[in-house]
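For reference, the structure discussed in these notes is given below.
The values are calculated or read from the model by the stated rules, or taken from the named source; none is laboratory data. Since the structure is predicted, the reported quantities are computational estimates derived from the model, not experimental observations. Neighbour counts run over all protein chains shown; Cβ positions are idealised from the backbone, glycine included. When the accessible area is computed, the model is the full protein with side chains, heavy atoms only, and any ligands, DNA or RNA have been set aside. Shrake-Rupley method; radii C 1.70, N 1.55, O 1.52, S 1.80 Å.
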Amino acid sequence: MTEEPIPVARAVDHGFAKLMPDVDRERAWLLTVDGAPQSYVDLDEPTHLEFEYARRLGHVLDVVAEPGRALDVLHLGGGALTLPRYVAATRPGSRQDVVEADSGLLDLVVEHLPLPADAGIALHAADARAWLEAAPDACADVLVADVFGGSRVPAHLTSLTYAEEAERVLRDDGVYLANLADGAPFAFLRSQLATFSTVFEELALIAEPGVLRGRRFGNAVLVASHSPLDPAALSRRVASDAFPARLEHGPALRDFIGGAAPVRDEEAVPSPVPPQGAFGIG
């Protein structure tokens, strides 16, 4: 008789983490930190992306290069390693570095949700920006930034200097992806788009239509590169998802940015505090 999985709870470096089994999927787990959902992992099906923002990041990862091509991917923010597992499954042979400031969280995840031995994923317990600044030039095909202190993007990962460091470590055809969170009037999101538009020629934004219309606070995925991705293909993917989203780019995105200015280090602030219950678990 198979034992039922039981929740795991532990104090980590930056909060209190819980791993809770999903009753509907045999080896799937939800990670929360201080009550805020951080990651969802299905150990038997690593290509299953439960969270809406993770699915949108996955759609971009699917179109940045031809299907199955191995990539060098740098992840800032680890959580339960959902996206590194996804890349390892969809692009075998990829080399991936994951930078997570909370070493206690990494220990918890690796202990209870171990990575496959041949995953090609290296874990680094370090501050994301400090690690980025020490990384060599042109070492990554994709950089995925999914860093939240609690439910907020840290200020030092929002500035022009940070954006320049991100651009430096990417190859010429590299792509930067970031999971951000904001709501109307979008002062934070507009400032991030303005900041990255000074460093990259091509920008796109993926979000649920209700978020873009200012009806609710939510996640938005920023995509930045020097060469345009196929907007039609990406639009189709995000629009036909189980959680439909919209891709904004070109003139519409420039209109959205409006008069927002790039953010300097001395002006940088974290993303806004989410409204109560915005990312909580009922």
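So, residue 67, is that one part of a helix (DSSP H, G or I), modelled with pLDDT of 95 or more and of a type outside the set (Asp, Glu) or not?
no
Can you tell me how many residues within the range 125-147 are open to solvent by less than 50 Å² (accessible area, probe 1.4 Å) and of a type outside the set (A, V, I, L, M)?
Residues in the range 125-147 being open to solvent by less than 50 Å² (accessible area, probe 1.4 Å) and of a type outside the set (A, V, I, L, M): 4 in total.
Taking the criterion of being of a type in the set (A, V, I, L, M, F, W, C) and under 11 Å from the mean Cα position of the chain (by Cα), would at least one residue in the range 77-85 satisfy it?
So in the range 77-85, the residues of a type in the set (A, V, I, L, M, F, W, C) come out as 80-81, 83.
After this cut, where a residue has to be under 11 Å from the mean Cα position of the chain (by Cα) as well, the list is 81, 83.
Within the range 77-85, one or more residues are of a type in the set (A, V, I, L, M, F, W, C) and under 11 Å from the mean Cα position of the chain (by Cα).
Being closer than 16 Å to residue 140 by Cα, assigned to a strand (DSSP E or B) and in contact with a Leu (Cβ under 8 Å, 6 or more places away or on another chain) is the requirement here; does residue 99 meet it?
Values: closer than 16 Å to residue 140 by Cα: yes; assigned to a strand (DSSP E or B): yes; in contact with a Leu (Cβ under 8 Å, 6 or more places away or on another chain): yes.
Yes.
Just need a number here: residues in the range 158-186 that are outside any strand (DSSP E or B), under 19 Å from residue 146 (Cα atoms) and either open to solvent by 10 Å² or more (accessible area, probe 1.4 Å) or touching a Gly at 6+ places or on another chain (Cβ under 8 Å) (or both). Lay out the reasoning, then the answer.
Restricting attention to the range 158-186, the residues satisfying the condition of being outside any strand (DSSP E or B) are 158-169, 183-186.
Keeping just the survivors that are under 19 Å from residue 146 (Cα atoms) gives 158-169, 183, 186.
In the following step, the residues that additionally are either open to solvent by 10 Å² or more (accessible area, probe 1.4 Å) or touching a Gly at 6+ places or on another chain (Cβ under 8 Å) (or both) were identified as 160-161, 164-165, 167-168, 183, 186.
Looking only at that region, the number is 8.
Residues are listed down the side, and each one gets a yes or a no for (1) of a type in the set (Val, Ile, Thr); (2) farther than 23 Å from residue 237 by Cβ; (3) open to solvent by 40 Å² or more (accessible area, probe 1.4 Å); (4) out of contact with any Ser or Thr (no Cβ under 7 Å at 6 or more places or on another chain):
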position: 8; (1), (2), (3), (4): yes, yes, no, yes
position: 24; (1), (2), (3), (4): no, yes, yes, yes
position: 31; (1), (2), (3), (4): no, yes, no, no
position: 34; (1), (2), (3), (4): no, yes, yes, yes
position: 42; (1), (2), (3), (4): no, no, no, yes
position: 48; (1), (2), (3), (4): no, no, no, yes
position: 54; (1), (2), (3), (4): no, no, no, no
position: 64; (1), (2), (3), (4): yes, no, no, yes
position: 78; (1), (2), (3), (4): no, yes, no, yes
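Considering only the range 109-137, state which residues are on the phi < 0 side of the Ramachandran plot and of a type outside the set (A, V, I, L, M).
Taking the range 109-137 and keeping what is on the phi < 0 side of the Ramachandran plot, we get 109-119, 121-137.
Correct list: 111, 112, 114, 116, 118, 124, 127, 129, 131, 133, 136, 137.
Would you point out which residue out of 193, 113 is among the aliphatic types (A, V, I, L, M) and closer than 19 Å to residue 75 by Cβ?
The match here is 113.
So residue 111 passes all but one of these: (1) open to solvent by 10 Å² or more (accessible area, probe 1.4 Å); (2) in contact (Cβ under 8 Å) with a residue 40 or more places away in the chain; (3) assigned to a helix (DSSP H, G or I); (4) closer than 27 Å to residue 45 by Cα. Which condition number does it fail?
Unmet condition: (2).
Say whether the condition of being over 21 Å from residue 211 (Cα atoms) and at pLDDT 95 or above is met by at least one residue in the range 176-194. Please lay out each step first, then the result.
From the range 176-194, those over 21 Å from residue 211 (Cα atoms) are 176; that's our starting set.
Next, only the ones that are at pLDDT 95 or above stay: 176.
Yes; the residues of the range 176-194 include at least one that is over 21 Å from residue 211 (Cα atoms) and at pLDDT 95 or above.
Return the residues of the range 220-272 that are aromatic (Phe, Trp, Tyr) and open to solvent by less than 50 Å² (accessible area, probe 1.4 Å); say none if nothing qualifies.
First, the residues of the range 220-272 that are aromatic (Phe, Trp, Tyr): 243, 256.
256, the sole residue that qualifies.
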